[in-house]
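In what follows, a single structure is set out as structure tokens and then discussed.
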Amino acid sequence: MRRNLHLAALRGLALIAACMATGSATAQTHWVIVNGERLSDAQVARLARIQCTEIPNGAYWLNERSGAWGYAGNPQVQGRLGDLCRNGASGLNRDGTYGPFATMGRANQEANTYRARGFSANAFHNGDGYYVRVWR
């Protein structure tokens with residue numbers, strides 16, 4: 001009887017250890033919630049790449065059409081995705097483009113600001129994000 005209890009206890013410990021090992025291998029490291037949905041670590045990494053900064057744990061809302069974002073429960077816009085990607089005051093990337101922006105709508109919005117200043121501008125998607133190229 002005592003031996004059976006000992007074996008049952010060992011099996012229980014082995015099961016708990018296996019669950020913990022499995023859980024730690026697949027556990028998410030970020031607690032980022034956007035529009036009520038928790039993002040996977042891969043989604044957080046992609047969002048961080050678009051925003052050009054780490055995304056702190058927290059709850060946010062995101063307008064996927066415009067790229068505007070804010071904190072859950074607060075309707076005030078805190079920024080637009082991609083706005084932190086600008087290098088220097090001009091916002092020009094090394095390849096002569098502006099961006100990346102979260103959506104094509106946001107890239108077009110940025111292109112329109114350059115068009116209003118008399119430039120030609122083209123919003124495009126290159127597989128990595130949405131960008132704007134500006135020329136005279």
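The values are calculated or read from the model by the stated rules, or taken from the named source; none is laboratory data. Since the structure is predicted, the reported quantities are computational estimates derived from the model, not experimental observations. Positions of Cβ are generated from backbone atoms using ideal geometry, with glycine treated the same way; all protein chains shown enter the neighbour counts. What goes into the accessible areas is simple: the full protein's heavy atoms, side chains included, and nothing from ligands, DNA or RNA. Shrake-Rupley method; radii C 1.70, N 1.55, O 1.52, S 1.80 Å.
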Practice item. Could you run through the stretch 37-61 and say how many residues are surrounded by 17 or more Cβ atoms within 10 Å (Cβ to Cβ) and out of contact with any Gly (no Cβ under 8 Å at 6 or more places or on another chain)? Key: 4
Review point. Is it the case that the stretch 81-93 has a residue that's open to solvent by 70 Å² or more (accessible area, probe 1.4 Å) and at pLDDT 85 or above?
Key: no
Study note, to complete from the structure: Selection from the stretch 26-52 of residues closer than 23 Å to N108 by Cβ and not charged (D, E, K, R) yields V34, N35, L47, I50, Q51, C52
Practice item. Report yes if A107 is among the hydrophobic types (A, V, I, L, M, F, W, C), at pLDDT 85 or above, assigned to a helix (DSSP H, G or I) and within 19 Å of the chain's Cα centre (by Cα), otherwise no. Key: yes
Review point. Which one is surrounded by the fewest Cβ atoms within 10 Å (Cβ to Cβ) among residues in the stretch 110-121 that are at pLDDT below 90 and under 29 Å from the mean Cα position of the chain (by Cα)?
Key: T113
Review point. Which one is nearest to the chain's Cα centre (by Cα) among residues in the stretch 33-50 that are of a type outside the set (A, V, I, L, M, F, W, C) and at pLDDT below 90?
Key: R46
**Study point:** Tally of residues being open to solvent by 50 Å² or more (accessible area, probe 1.4 Å), within 18 Å of the chain's Cα centre (by Cα) and at negative phi across the stretch 122-134
**Key:** 4
Check your understanding: Failed condition for S66, given (1) more than 20 Å from the chain's Cα centre (by Cα); (2) touching a residue at least 24 places away in the same chain (Cβ under 8 Å), with all others met?
Key -> (1)
